Amino acid sequence: MGTMSPDIRRRRPRRSYVSTARAERARQTRKRIIDAATQLFVHQGYAATTMRGIAGSAGVSVPMVELLFGTKPQLLHVVIDVAIAGDDEPVPVLSRPWAIEAESAPDLVAFLSAVAGVIGEAQVRSAGVLLAAYEAARSDADIQVLIADRESQRQGTAGWIVDGVTARSPLRPGLERAGAIDVVWMLMDPVVFSRLTRHRGWSADRYASWFVDSVLRLLTAHHP
């Protein structure tokens with residue numbers, strides 16, 4: 001096997017730099033589109049927001065938006081996922097560091113406080129766009145499927161929270177796991193968060209404290 005010429009060895013860093021720079025530009029473009037779509041979906045509503053409007057707000061072409069995200073429903077799906085998770089990384093919510101840290105919490109209040117803080121932050125980012133999606137689902141079958149998927153994922157998270165509770169304290173007498181999941185599922189509802197923060201003036205921190213207190217009182221015999 002022949003040896004690599006000095007010229008080829010010198011060119012490699014340049015190709016690596018160009019590739020890295022291109023990947024960063026693509027990431028920034030994707031982020032601009034997601035940010036633009038989020039703002040328009042929240043403030044204009046899903047129906048009134050067009051792919052052309054999103055492209056113009058992001059400073060890109062419509063074909064670029066379609067290349068990266070496909071259809072408007074597919075873009076909404078990404079927007080919701082990013083809003084809930086806080087980033088565009090392909091890591092399931094319950095596999096993220098915060099969930100791992102919460103699982104190691106030594107007692108029930110510590111576990112719920114860790115969970116509630118993250119839920120409150122996610123609600124701040126995602127409640128508005130989810131409400132826009134709920135509105136659109138009334139007349140759009142694609143969005144109905146998306147919402148059903150989100151509701152199912154919220155149920156899964158609620159089940160994970162209930163299991164974390166029961167690992168540290170028994171449920172109150174007469175309450176079974178399924179009923180406990182329904183309670184937590186409702187406490188996590190973005191409509192509830194929106195009404196409390198937009199209509200009643202609550203902060204995200206107050207919502208998080210209320211979430212902890214409600215789970216303690218409704219699911220267990222434990223009182224803070």
| Residue that is surrounded by the most Cβ atoms within 10 Å (Cβ to Cβ) [pool: residues in the range 118-144 that are without any contact (Cβ under 8 Å) to a residue 40 or more places away in the chain and assigned to a helix (DSSP H, G or I)] | 122
| Which members of the range 82-98 meet the condition of being out of contact with any helix residue (DSSP H, G or I) (no Cβ under 8 Å at 6 or more places or on another chain) and part of a helix (DSSP H, G or I)? | 95, 97
| request: Hey, can you tell me all the residues within the range 58-112 that are basic (Lys, Arg) and over 13 Å from the mean Cα position of the chain (by Cα)? | output: 72
| Considering 65, 42, 79, 109, which residue is surrounded by 15 or more Cβ atoms within 10 Å (Cβ to Cβ), part of a helix (DSSP H, G or I) and assigned by TED's automatic domain parsing to the domain that holds residue 194? | 109
| Would you pick out the residues in the range 18-55 that are in contact with a Phe, Trp or Tyr (Cβ under 9 Å, 6 or more places away or on another chain), free of Cβ contacts under 8 Å to residues at least 40 places away in the same chain and more than 22 Å from residue 134 (Cα to Cα)? | none
| said: Condition first: part of a loop (DSSP other than H, G, I, E, B), surrounded by fewer than 14 Cβ atoms within 10 Å (Cβ to Cβ) and not charged (D, E, K, R). Now tell me which residues in the range 174-192 satisfy that. | reply: 174
| Can you tell me which of 36, 55, 48 is in a loop (DSSP other than H, G, I, E, B) and either touching a helix residue (DSSP H, G or I) at 6+ places or on another chain (Cβ under 7 Å) or modelled with pLDDT of 90 or more (or both)? | 48
| request: Among what's in the range 162-189 and is among the basic types (Lys, Arg) and in contact (Cβ under 8 Å) with a residue 24 or more places away in the chain, pick the residue that is nearest to residue 116 (Cα to Cα). | output: 168
| query | Of all residues in the range 150-161 being farther than 17 Å from residue 215 by Cβ and free of Cβ contacts under 8 Å to residues at least 40 places away in the same chain, which is surrounded by the fewest Cβ atoms within 10 Å (Cβ to Cβ)? | reply | 152
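The values are calculated or read from the model by the stated rules, or taken from the named source; none is laboratory data. These numbers were taken from a predicted model, which means no experiment stands behind them. Every residue, glycine as well, gets a Cβ built from its backbone with ideal geometry; the counts of neighbours run over all protein chains shown.
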